[in-house]
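I'd like to ask you about the structure that follows.
The values are calculated or read from the model by the stated rules, or taken from the named source; none is laboratory data. Being a predicted model, the structure only gives us computed values, none of them experimental. Positions of Cβ are generated from backbone atoms using ideal geometry, with glycine treated the same way; all protein chains shown enter the neighbour counts. To get the accessible areas, we keep the full protein, side chains included, count just its heavy atoms, and leave off ligands, DNA and RNA. Shrake-Rupley method; radii C 1.70, N 1.55, O 1.52, S 1.80 Å.
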Amino acid sequence: MRKLVYILTFLIANIGFSQVYEAGLTYNLGSVVGERNDAFPITTSNKNWGVVIKKNMNPRISYRLAVNLMESYNTQLAELSGGIDFNFTKYNLIRTGKIKKSTGYLIFEAATIFYNTRGKTKFSAALPIGIGYKQALTKRIVFSLEAKARVSFSDVLDNIKTNKSTLDAYYYIGTSIYYTFGWPRGSKNQIRF
């Protein structure tokens, strides 16, 4: 519990010294891949929602913290993930000129998942990776498309336990709308965020 208090204090203190944040809602389609469902063909019949907060550290790197809720094959899954976005091109909402207001990006995260199968709540970890594209629609509104895959350390996400040493996976394909805030003073003339 003490570690959680330290982490939250660090995050809140960081907000006070932030440069530009993006806070948004996500709507995704996704599914669990396991013994009940193969990876191909891709099925996206299960809806899920999420909340994402990003801190743009510079035009290439953003930190991200996300919470996603998903239901698939009678399994309810909640995911808390944190990681880094790496932009393919320099992306900056503050300055104009040669720096673009749209970019593709890679997503590297670590996730903790809580899932409910057969009336029991369990938790596990997952190693996510993803790819996305974001476009600034206005000075404050950003739209993004993302596809993310996660490999869990559990074999019962799909409610089927086998004797094989197989791990279930899940994926998201979706959109996000972000609102930007935390603009620094004199931001029009700054080289960095």
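Of everything in region 61-93 that's open to solvent by less than 20 Å² (accessible area, probe 1.4 Å) and in a loop (DSSP other than H, G, I, E, B), which residue is modelled with the highest pLDDT?
Asn92
Kindly check whether there is at least one residue in region 170-187 that is part of a loop (DSSP other than H, G, I, E, B), touching a strand residue (DSSP E or B) at 6+ places or on another chain (Cβ under 8 Å) and either modelled with pLDDT of 80 or more or surrounded by 19 or more Cβ atoms within 10 Å (Cβ to Cβ) (or both). Walk me through it before giving the result.
At the first step, the residues of region 170-187 found to be part of a loop (DSSP other than H, G, I, E, B) are 182-186.
Subset that is touching a strand residue (DSSP E or B) at 6+ places or on another chain (Cβ under 8 Å): 182-184.
Add one more test, that the residue is either modelled with pLDDT of 80 or more or surrounded by 19 or more Cβ atoms within 10 Å (Cβ to Cβ) (or both), and what stays is none.
Checked region 170-187: no residue is part of a loop (DSSP other than H, G, I, E, B), touching a strand residue (DSSP E or B) at 6+ places or on another chain (Cβ under 8 Å) and either modelled with pLDDT of 80 or more or surrounded by 19 or more Cβ atoms within 10 Å (Cβ to Cβ) (or both).
Of all residues being modelled with pLDDT of 80 or more and buried (at least 19 other Cβ atoms within 10 Å of the Cβ) in region 117-131, which is farthest from Asn28 (Cα to Cα)? Just the residue, please. Walk me through it before giving the result.
First, pick out the residues of region 117-131 that are modelled with pLDDT of 80 or more: 120-131.
Applying the additional criterion that residues be buried (at least 19 other Cβ atoms within 10 Å of the Cβ) yields 126, 128, 130.
Numbers: Ala126: 18, Pro128: 15, Gly130: 13 Å.
Restricting to residues being modelled with pLDDT of 80 or more and buried (at least 19 other Cβ atoms within 10 Å of the Cβ), the top hit is Ala126.
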